[in-house]
Amino acid sequence: MTFIPYGRQDITDEDIKAVCEVLRSDFLTQGPAIEKFEKTVAEYCGASHAVAMNSATSALHVACLALDLGPGDWLWTSPNTFVASANCALYCGAQVDFVDIDPATHNMSIELLERKLQAAESEGRLPKIVIPVHFAGEPCDLKAIKALAERYRFKVIDDASHAIGGRYGEFVIGGAPYSDITIFSFHPVKIVTTGEGGMAVTNNPELGVKLARLRTHGITRNPAEMTREPDGPWYYEQIGLGYNYRITDIQAALGVSQLGRLDAYIRRRHELAARYDELLASLPLKRPVRNPENLSGLHLYVIVLNDPSRRKQVFETLRANGIGVNVHYIPVHLQPYYRTLGFKPGDFPAAEAYYAGAVSLPMFATLTNEQQDRVVSVLSDALA
Ligand SMILES: *Cc1c(COP(=O)(O)O)cnc(C)c1O
């Protein structure tokens, strides 16, 4: 019995060749593969600027800094996300709050966001940044969020760690004119991988320059950005405080090679989702919804059991049968660290209710129909 994980990378001989070429070249980092990786993603998304980094977490951090988030500011995100979408605010000395989810999409609720903004305005504590997360790859309603952003003057970073290759209406995720910066992750469980890696994309040239500088110590080599005439060709200036969040050329070459298969990956994920939809139709669970006007990246296929009291037993049965189910996500506000900041059970009831019954089934491009049938059969038996 082979183990079927919930997500896994697909590495081809072509990928290995691309990586080996970099290993034999002059540059292992800060070379041409990174630029090519950035250009490929920017062109794919229809964004003017792309800045590759060593993780999506790093990209979220510098995206917040590029939008001037700091002490005294608030950042709001969804409680149904990986902790990194919230931690980035704390790295900047800002405070975090959450907006509960829409039980249908598992994304941040637009209605609750609007209500919370109204209340925050009267209390004088509007957020500077809101981070909607395209959970499982299902696009958030970016246009509605943008309308609120204009009215309440906050910036939008969409966390598209689950959504590369997806579309919001006519726009490819990352190229829609409704957010300031979009973040991608290239962790091996995500849709395409670089081992570890992330990217920030934007259509704002000023933000593009800032993101690139923050990635590498706050250093510039562009004389136009310097405080004085260069001393000579060696000269650079540190004009702000940045980090070493660079990705390597080894990873970037893997990324470029993987991106060539992105559309095929998304198509296969949709085939698998359609099969799950059909095969699970009569079981006592809720299947995920997909808005036909958009295209989900389908990073995850999450079911919610009608009877959450059976979740643990169902999960254990699947694991015992070699099926690597997982749970996305334990609501961030319930993490012990976030509880020390004052959050408690009951704060975001929709995210908590969703979490109680959620199970992520195996979903990755190389999952076979036969493997999927085995997942469904074990799940059906476990629920019987
Ligand atoms: C994976 C993930 C991240 C973090 O990505 P890394 O590249 O591992 O830093 C952030 N947000 C979401 C929603 C994720 O799924």
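The values are calculated or read from the model by the stated rules, or taken from the named source; none is laboratory data. These numbers were taken from a predicted model, which means no experiment stands behind them. No Cβ is skipped: glycine too gets one built from the backbone with ideal geometry, and neighbour counts run over all protein chains shown. The protein model used for the area step is the full one, side chains on, heavy atoms only, and it has no ligands, DNA or RNA in it. Shrake-Rupley method; radii C 1.70, N 1.55, O 1.52, S 1.80 Å.
Could you check LYS210 against (1) open to solvent by 30 Å² or more (accessible area, probe 1.4 Å); (2) part of a loop (DSSP other than H, G, I, E, B); (3) in contact with a helix residue (DSSP H, G or I) (Cβ under 8 Å, 6 or more places away or on another chain) and say which number it fails?
LYS210 satisfies all of (1) open to solvent by 30 Å² or more (accessible area, probe 1.4 Å); (2) part of a loop (DSSP other than H, G, I, E, B); (3) in contact with a helix residue (DSSP H, G or I) (Cβ under 8 Å, 6 or more places away or on another chain) except (2).
Somewhere in the stretch 264-273, is a residue touching a residue at least 12 places away in the same chain (Cβ under 8 Å) and touching a Pro at 6+ places or on another chain (Cβ under 9 Å)?
Yes, the stretch 264-273 contains a residue that is touching a residue at least 12 places away in the same chain (Cβ under 8 Å) and touching a Pro at 6+ places or on another chain (Cβ under 9 Å).
Quick one: would you say ALA176 is part of a loop (DSSP other than H, G, I, E, B), within 20 Å of PHE135 (Cα to Cα) and away from the ligand (no atom under 16 Å from the Cβ)? Show your work before the answer.
Values: part of a loop (DSSP other than H, G, I, E, B): yes; within 20 Å of PHE135 (Cα to Cα): yes; away from the ligand (no atom under 16 Å from the Cβ): yes.
Here the answer is yes, as ALA176 does meet what is asked.
Being farther than 16 Å from SER161 by Cβ and either assigned by TED's automatic domain parsing to the domain that holds ALA84 or surrounded by 14 or more Cβ atoms within 10 Å (Cβ to Cβ) (or both) narrows it down to one of PRO205, PRO188, so name that one.
When all the criteria are applied, what remains is PRO205.
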